[in-house]
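So the structure is just underneath, and the comments pick up after that.
What follows draws every value from the coordinates through simple rules; no lab data is involved. Only a predicted model underlies this, so the values are computations on that prediction, with no experimental measurement involved. As a convention, Cβ positions derive from the backbone with ideal geometry for all residues, glycine included, and neighbour counts pool all protein chains shown.
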Amino acid sequence: MTRLALVTGAARGIGAATVARLKADGYDVIAVDRGDDDARLPYAMGRFSRGPDAAEADAAADAGGAGRVTPVQADAADAEALRAVIEAAGGALDVIVAAAGVIAGGVPAWEVPPEQEAAVLEVNLGGVLAAARAGVPALLRRPEPREGRFIAVASAAATRGLPMLAAYCATKAGVTGFVRALAVELGGSGVTANTVSPGCTRTPILDESARLYDLESAEAFAAKQPLGRLLEPGEVAAVIAFLASPASRAVTGANYAVDGGLSL
């Protein structure tokens, strides 16, 4: 039986790369993204519709492999919306990847506009909470012995104090703490819960980070990693794909640093 995965933040970046990798590995994938801009944030969000603003989403849907991709426009931070998406797909899942994320800052924490701070908290941490609320029951619907997987994208910012990105750091630390507790709660169920913490990865969020730090381009972040280069979204997706696979059955409650050595 083909395994079914749901990926949030699927229109671009690590989410889109994860959709492509899981499809290539034979999964059917429900690719969820709000597919529209957030008026609280000063940069563009991803798109599913064909066109220059949707290149990553289009490539993910067109990726090779036996699996099928179903793009769905929904708010990743809305548990009821995610529940409706899951029910429409049959009500049971094998894999959830909570990859939706945004960033804001560029000024000290006490000067960040409240609406921007709220957006970061709502999407980055609230989106993982919503994915668990809607998705874990769907993972548990599979008959025993089951091998469900809950995977959330955190960040090297979960353990590093990044100036002028305090809310972002707080949300990512919250993600790793939540998933550790979730892993314990799921003990013995056959469902595991893990996080990946990317470093400086070539995504629109890193481009926005460069703008917030008044850097010429995101390439300036490459020097911060011992590898001496930016990571590609597909490199992070490869680790997510491992955690989604039966080969990871002995791993739960872990945080995988996929950061080119940034956390060293």
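Brief remarks follow.
- For the pair the range 21-38 / the range 204-264, the C-alpha centres are spaced 19 Å from each other.
- Against the main long axis of the alpha-carbon atoms of the chain, helix 166-185 sits at an angle near 20°.
- Per residue, the chain reaches -11000 deg cm²/dmol at 222 nm when only DSSP H runs of four or more residues are counted, each adding -39500 (n - 2.57).
- Counting only alpha carbon atoms, the long axis of helix 126-140 and the longest principal axis of the chain meet at about 10°.
- Listed residues ARG141, ARG12, ARG34, most fluctuating in the chain (Gaussian network, C-alpha, under 10 Å): ARG141
- Using a simple spin-label model with pseudo-atoms 7 Å out from Cα toward Cβ, MET1 and THR70 lie 1.5 nm apart.
- Where labels lie 7 Å past Cα in the beta-carbon direction, separation of ASP25 and TYR43 in nm: 2.7 nm
- Our coupling estimate for the range 104-113, obtained by passing each phi through the Karplus curve with A = 6.51, B = -1.76, C = 1.60 and θ = phi - 60°, is 7, x, x, 9, x, 3, 6, 10, 5, x Hz, Gly and Pro reported as x.
- Once the Cα atoms are used to define both axes, helix 79-88 deviates from the longest principal axis of the chain by about 40 degrees.
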